[in-house]
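What follows is calculated from the coordinates using simple rules that are stated; it is not laboratory data. Values in this document were obtained by computation on a predicted structure and should not be read as measured data. In this analysis, Cβ positions are derived from the backbone assuming ideal geometry, glycine residues included, and neighbour counts consider all displayed protein chains.
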Amino acid sequence: MHKRLLILGTRGVPAQHGGFETFAEELSTYLVQKGWRVTVYCQEEWNRTVPYETMWGRVRRVHIPVKQSGALGTMVFDLKAALHARRQPTMALTLGYNTALFNLLQRVRGRANLFNMDGVEYTRAKWGFFAKLWLRINERIACWTGTHLIADHPLIKEHLATRTRERRITMIPYGADAITDASTAPVRALGLEPGKYSTVIARPEPENSLLEIVQGFSQQPRGHTLVVLGDFLDHNPYHQRVLASASPEVKFVGAIYDKATVRALRYHSYLYVHGHQVGGTNPSLVEALGAGNPVLAHDNGFNRWVTGDSAAVFFQDAASCAQRFADLLANPDQALAMKKAARLRHAEQFTWEQVLADYEKLLTRYNPYQPDPEGWEQYLED
């Protein structure tokens, strides 16, 4: 007899792109070590016509092939995963509410389904009218039908409490590993000197303040490099504005998914610059705290709670961002104090050990011990 869980709403494990994938990897491996039977639904290219199963360590994976790509492909995957999950006599944890309508298929079968509600997605400027309407509707459906809701930030919990009873919501933030050492080789391979650059890791979208950050940094020579990770497209006007505003000291290195390289870039960075204006506990910001990065962040309630009182300074626009850069680059003692505060804040609130234990405690409330499905032991022995 074991406790069992289905994880939906992510591309799958092992993680390739961060965010929910990393969380699904961390949670699934943690729970199986505690004796749980965990299944993660994984989105695959159209290499087969029907779902198939594999084991990743002791985590069961259900692979769902889809023909479509992009947002449509994600929606098709979510629908097929929900159709498959409704036949499983097991509770589910759904990461994100973007397709909560499909998860009604599980609830009508009497299955418990907890939602990690992510951020207030429909406030993002990139979505058009119909996309925002779809997101609003699905947020309401998740609030009405979810067995329990998980908010990753106190402000997200406050928002959800306007939609449903507060006792149905638990706040558990995102986690990150502490980075206490990293090779300098990946940094030098990019033509950078450890401690002589600052880092931005974000999708280049208006609500992530990339334009304000690059403009602010580029207002004057710094004797310092700003490294920007992310894909910039020729046909995207906003991307081109960011690129055009950059001084020669801004280095665009593209999207980097190699974990060792990102780890090294974080660890040896003088500052981490975080421009996100919306969302909850942003994974990249938490990972920066785990790396001991002093933070220059956009001034909003989301970022202020994550960083605490001493690990960050804040900007509102390009002009204030320029001044904060000048102040921090001229004051390494202040940066060192912020570095220590970042590590303390991470240890206080955002370790994976603490986050995953809180998840297990919550999941156990809705998950009785159940007999293993037929054939499970065969998978574990293969």
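This ranking places 253, 273 by how few other beta-carbon atoms lie within 10 Å of each, fewest first, which gives 253, 273. Each other residue within a Cβ distance under 11 Å of residue 290 adds +1 if Lys or Arg and -1 if Asp or Glu, for a net charge of +2.
Out of the range 184-257, which chymotrypsin sites (Phe, Trp or Tyr not before Pro) are coil in DSSP terms and have no more than 16 other C-beta atoms within 10 Å? The qualifying sites are 232, 257. The modelled label-to-label distance between residue 188 and residue 331, using points 7 Å beyond Cα along the C-beta direction, is 3.3 nm. Our note on the geometry: Cα centres of the range 202-279 and the range 1-51, 31 Å apart.
Computed over neighbours whose Cβ is under 14 Å from that of residue 164, the net charge equals +3, Lys and Arg +1, Asp and Glu -1. Sorting 70-81, 157-168 by average packing, meaning the other beta carbons within 10 Å per residue, from highest down gives 70-81, 157-168.
3J(HN,Hα) along the range 292-301, derived from phi through the Karplus expression 6.51 cos²θ - 1.76 cosθ + 1.60 where θ = phi - 60°, amounts to x, 7, x, 10, 10, 10, 4, 7, 8, x Hz, with x in place of Gly and Pro. Taking every alpha-carbon pair under 8 Å whose residues sit at least 6 apart, the chain reaches a relative contact order of 15 percent.
The helix-only estimate of mean residue ellipticity at 222 nm for the chain, built from DSSP H runs of length n ≥ 4 each weighted as -39500 (n - 2.57), is -12000 deg cm²/dmol after division by the residue total. The simple spin-label model puts a point 7 Å past each Cα toward its Cβ; for residue 45 and residue 255 those points are separated by 1.5 nm.
Considering only beta bridges that DSSP places wholly inside the chain, some 15 percent are antiparallel. When only Cα pairs below 8 angstrom with a gap of at least 6 residues are kept, the range 220-343 shows a relative contact order of 21 percent. Arranged from fewest to most other beta-carbon atoms within 10 Å of their beta carbon, 207, 193, 212, 25 become 193, 207, 25, 212.
Which lysines does residue 340 reach when only Cα atoms under 21 Å apart count, and residues fewer than 8 places away in its own chain are ignored? Output for residue 340: 196.
Of the residues 272, 267, the one with the fewest other Cβ atoms within 10 Å heads the list, and the complete ranking is 267, 272. Under the shape rule built on the C-alpha gyration tensor, where the axes satisfy a ≥ b ≥ c, the range 185-349 is rounded, since a/c falls short of 1.5. Each residue of the range 325-335 is assigned a 3J(HN,Hα), and the resulting list reads 4, 4, 5, 6, 5, 8, 10, x, 5, 5, 4 Hz, derived from the Karplus form 6.51 cos²θ - 1.76 cosθ + 1.60 (θ = phi - 60°), x at Gly and Pro. Overall shape of the chain was characterised from the C-alpha gyration tensor. The equivalent ellipsoid obtained from it has semi-axes of 37, 22, 21 Å, in decreasing order.
Projecting label points 7 angstrom from Cα along Cα→Cβ for residue 58 and residue 231 puts them 3.6 nm apart. Taking the C-alpha atoms only, the angle from helix 129-145 to the longest principal axis of the chain is near 50 degrees. Excluding residue 121 itself, calculate the net charge of residues whose Cβ lies under 15 Å from the Cβ of residue 121, where each Lys or Arg counts +1 and each Asp or Glu counts -1. Summing Lys/Arg as +1 and Asp/Glu as -1 gives +1.
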